[in-house]
Amino acid sequence: MKKILEMGFRNEAGKVVNILLSDPKDTLTKSEVTTFMQDVIAKNIFSTNDGDLVQIVDAVIRISDVTELV
């Protein structure tokens, strides 16, 4: 099973930008993710070709089964 935390942000041009983190801890809370996302915006940690990240859109944890063939 593979888990990915997908965080969506809106940039200055209004486009949604996703940041993905593999294997988030099982005890991760909504509050922790929200605080982290607010820090990313406030500290201007990431920039895109269409401007800085300016708004939180959403955050989800995606879980999928992965079968390695090789």
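Here are a few things to note about the model shown:
- Some residue of the range 3-25 being under 30 Å from Asp65 (Cβ atoms), in contact with a helix residue (DSSP H, G or I) (Cβ under 6 Å, 6 or more places away or on another chain) and not β-branched (Val, Ile, Thr): yes
- 2 or more residues surrounded by fewer than 10 Cβ atoms within 10 Å (Cβ to Cβ) and touching a Phe, Trp or Tyr at 6+ places or on another chain (Cβ under 6 Å): qualifying strands (runs of 3 or more DSSP E) within the chain: none
- Within the range 20-29, tally of residues that are among the acidic types (Asp, Glu) and within 10 Å of Ile4 (Cα to Cα): 1
- Within the range 41-69, the residues that satisfy the criterion of being of a type in the set (Asp, Glu) and within 17 Å of the chain's Cα centre (by Cα) are Asp52, Asp58.
- Yes/no for Glu32 being under 21 Å from Lys3 (Cα atoms), at pLDDT 95 or above and among the acidic types (Asp, Glu): yes
- Hey, Ala59 within 11 Å of Met7 (Cα to Cα) and among the aliphatic types (A, V, I, L, M) or not: yes
The values are calculated or read from the model by the stated rules, or taken from the named source; none is laboratory data. In this text, all values refer to a predicted model and were calculated from it rather than measured experimentally. Reconstructed Cβ throughout: ideal geometry from the backbone, glycine too, with neighbour counts over all protein chains shown.
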